[in-house]
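The structure appears right after this line, and notes come after that.
The values are calculated or read from the model by the stated rules, or taken from the named source; none is laboratory data. Just so you know, these numbers come straight off a predicted model, no measurement behind them. Methodologically, a virtual Cβ is constructed for each residue, glycine included, from the backbone with ideal geometry; neighbour enumeration extends over all protein chains shown. Accessible surface areas use protein heavy atoms only, side chains included; no ligands, DNA or RNA. Shrake-Rupley method; radii C 1.70, N 1.55, O 1.52, S 1.80 Å.
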Amino acid sequence: MANFDEDIKRITDEIMQDGTIEKVLREKVEKGFLEAIDSAFRWGKLKEAIENRVEEILVPYVEAYDMSAYIIKLDTVLTDIVNQTSLQDNARILENFQNLMIEPGIEFVTLEDIFEEYKKYVSRNMETLGRTIEYDDEPYYEPIGVTAEIVKEDERPWSSFKHAVLELAVDEEEQQEKLNFSIRLSRWESVYEKKGYDLVYDVAPSIRGMRRLDDFEIYILRLARAGVRLLDDMLYDDDSVIAENKPEPTYE
C-alpha cells in the first residue's frame, strides 16, 4: 500500500511539472470563452448591440440603393405584349392572366371535379373533320370516349414521398396527342400530412406561351399554384363527350 501511495505522489508531481495540468486548464478556459461568446451572440446585450449597429449601417444603405434594375415594370411587360402579339392575342393573354389570378377558394378537389373540366376541354377541342354525324332531335358528331385515372407509382421504401400520375385521356389514338394530359402528383407520407396529393403542373412563363393556354390548363395551374390537393378517394372514372361544334343539318 505504501508503494501505491508513493506512485500516486510521483505521478502527481510529474503531471504538475510536465505541463499537463496547464494544458487541461487552458482547454477548459478556451472552451468557457467560446461558449460565453457564442451565448452572447445568441441573446443578451451583445446580440442587441450588434443588431442595432447592423441596422444603423444597413438601413440607410438599402434606402439609398437604386433597385430599379431588379424590378420588372408593368409598362415593360405591356410593351412586350403589344410588340410581340396581335390584338386578338392580346385579349387572350390578358384574359388568361386574369383567370390565373383568381383564387380557387377551396382546399381540396376531387377526381370528378377535374374530370368535368377535362370533358369541357375535349368538347371544345376534339377534331370533327370527317367524323360520323349522328341524329337525335338535332345532328351531332359521334361522341368520343374519355377516361380519368390516378395511377399510383411503385413505392420506394427509403422515400417519404409518394408519387402518382393523373392520366386524362381519350380513347381514339389519332386524337390523343392533342387531347391527352398527364399531371404529376406527389405527397409527403406522414401521419401529420394532409390527405390527397399536390398537383404538379409546370408551364414555361412566357408571353407567347400564355396566349396558347386553354381554359383547362389555366384551371389546373390555378389549383396547383394555390396548393389545392387532389383527393384519391376515387381513382377512376369514364364517360363520353360530344363536340361543342355542331354539324350543319342536311335535308334530303
Please work out if Glu112 is open to solvent by 90 Å² or more (accessible area, probe 1.4 Å), at pLDDT 85 or above and within 27 Å of the chain's Cα centre (by Cα). yes
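Rundown of residues vs (1) open to solvent by less than 20 Å² (accessible area, probe 1.4 Å); (2) in contact with a helix residue (DSSP H, G or I) (Cβ under 9 Å, 6 or more places away or on another chain); (3) among the β-branched types (Val, Ile, Thr); (4) modelled with pLDDT under 90, yes/no style:
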| site | (1), (2), (3), (4) |
| --- | --- |
| Gln84 | no, yes, no, yes |
| Ala91 | no, no, no, yes |
| Asn96 | yes, yes, no, yes |
| Arg124 | no, yes, no, no |
| Glu138 | no, no, no, yes |
| Glu142 | no, no, no, no |
